[in-house]
Amino acid sequence: MYFQKKHVKVIRLASLGFLMAALLFIQATLVQAGRLSQIPTVSIPTVTGTPVGAIAVVKPNDQGYSNVRAGPSTVDYEIIGVLTENSAVPALGRSPGGDWILIAYPGVPGGIAWIYADNVDVKGTLPVVEPPPTPTPRVTPTIDPTLAAQFLVEAPVTRLPTYTAPPPITVPTFQVDAPITSSGRIPMGLVIIALAVIGIFGTLISLLSGR
């Protein structure tokens, strides 16, 4: 009786093992069939990598970074961020003059920004992109007229002196003396010489008679 029970137990274990083996075989067969059904019957094209486009690399500088702006100008557009040196970002285009580069810059409205062309090395060809419109100032500056009046100085009007013409210059005229002509009189010089000779002669006579 004991051996009969043991034989029945062995048969049950063998049947259970055979059933489990059959289930595993069926499952393996189904998995293999599923794999075969996923293999396409047509030729599979070869997938190759495509370039992502032009790249802009920030050049090293003394500051260690370069500013990026909302548009291609340092006057009309504000600074919206920075890029550290050696940073590489996708380049999307360039300004009409080529002085600014349009880059992808996530985190700002539109996800784009502009950087000065001399601050980056561009690898690739870029199309020309028109700049965005210039932003209008939020506050229009006004001048208080009362405050401005304090700095306005009115200079009194000074009348220029009246110019008076000088009197005409009178040039004196000189009359030419008429030449001296002889009128029949003895010249005075000759009379003086004659008197002097007579005086000298009288003096000699007096001296001689005094001896």
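The values are calculated or read from the model by the stated rules, or taken from the named source; none is laboratory data. If you're wondering where the values come from, they're calculated on a predicted model, not measured in any experiment. All Cβ positions, even for glycine, are placed from backbone atoms using ideal geometry, and neighbour counts span all protein chains on display.
Taking the listed residues Gln63, Gln32, the one that is among the polar types (S, T, N, Q), under 47 Å from the mean Cα position of the chain (by Cα), modelled with pLDDT under 95 and over 26 Å from Thr125 (Cβ atoms) is Gln63, with no other qualifying.
Mind listing just one residue for me: the one in segment 79-94 that is polar (S, T, N, Q) and outside any strand (DSSP E or B) and, of those, surrounded by the most Cβ atoms within 10 Å (Cβ to Cβ)?
Looking at the filtered set, the residue picked out is Ser87.
Inspect segment 128-138 for any residue being charged (D, E, K, R), modelled with pLDDT under 80, closer than 30 Å to Gly93 by Cα and under 34 Å from the mean Cα position of the chain (by Cα) and give the result as yes or no. Taking every residue of segment 128-138 in turn, at least one turns out to be charged (D, E, K, R), modelled with pLDDT under 80, closer than 30 Å to Gly93 by Cα and under 34 Å from the mean Cα position of the chain (by Cα). In segment 95-113, is there at least one residue being more than 21 Å from Pro135 (Cβ to Cβ) and surrounded by 15 or more Cβ atoms within 10 Å (Cβ to Cβ)? The answer is no, given that none of the residues of segment 95-113 is more than 21 Å from Pro135 (Cβ to Cβ) and surrounded by 15 or more Cβ atoms within 10 Å (Cβ to Cβ).
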